[in-house]
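Since the structure comes first, as structure tokens, the remarks are kept for the end.
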Amino acid sequence: MPIDMSGFTLFNARRLRGVVALVAAVLLAGRSAAAQLAPAQADRCPGQFVIGPEDVLDVAVWNNTEMTRTVPVRPDGKISLPLLNDVQAAGLTPTELRDHLTDALTEYISAATVSVIVREIHSVKVTVIGQVKTPGRYELKGRATVLDVLAMAGGLTEYAARGRIAVLRNEAATTRQIPFPYDRLVSKSGSKHGSAIGGPENFCVQPGDVVLVP
């Protein structure tokens, strides 16, 4: 479901339409300042979930009720635990965080057995703008491909430039523009809302991605 945007003002709506029109015009003219990246070069779906801010974790230490608790990941990417205080969690997989906690606890607990489970996912948010039926910002609960996200947004409108769909991804000071071959993938699937077609072209979205449908 899209995130509640009930507070979205008319001014913001007009400004968003202006941004969509401007970005679409740049893409259609072929003069985008973003770094071009072929779909086959885009990141595939990661093997393990990467923890991010706002996620909620279940941290359990066997036979230690004081250390066993449910903790939110703060905006700075850290969690707070007894004995260890602030611990960096964002950017790590649950397995990596478990190993880190196990090592850190050896100073206090002999042969600590730790488990880390992601209870709630809130860190994966993507935006879909342009010619889709329900544009907006979407909070994902797991891995999702570009086609998954387009389906969540209700699919394309009849005015969509299907050959000009792109994903904009911020990395450091660079915005990567990843063309998305919608027509080719849909023709392979036989469905306008297919979700998990194999191959690198239907790649996974990442937190903060913007899916642009001119």
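None of 115, 123 is polar (S, T, N, Q), out of contact with any strand residue (DSSP E or B) (no Cβ under 7 Å at 6 or more places or on another chain) and surrounded by 14 or more Cβ atoms within 10 Å (Cβ to Cβ) except 123. Taken over segment 137-160, residues that are over 14 Å from the mean Cα position of the chain (by Cα) and either surrounded by 13 or more Cβ atoms within 10 Å (Cβ to Cβ) or touching a residue at least 12 places away in the same chain (Cβ under 8 Å) (or both) amount to 8. Can you say whether residue 97 is over 13 Å from the mean Cα position of the chain (by Cα) and not assigned by TED's automatic domain parsing to the domain that holds residue 202, as far as the supplied structure shows? The answer is yes for residue 97. Screening segment 91-208 for helices (runs of 4 or more DSSP H) wholly inside it with 3 or more residues that are touching a Leu at 6+ places or on another chain (Cβ under 9 Å) and at pLDDT 90 or above returns the ranges 94-105, 146-152.
The values are calculated or read from the model by the stated rules, or taken from the named source; none is laboratory data. Note that the structure is predicted; figures quoted are calculated from it, not measured. We place every Cβ from the backbone using ideal geometry, glycine too, and count neighbours over all the protein chains shown.
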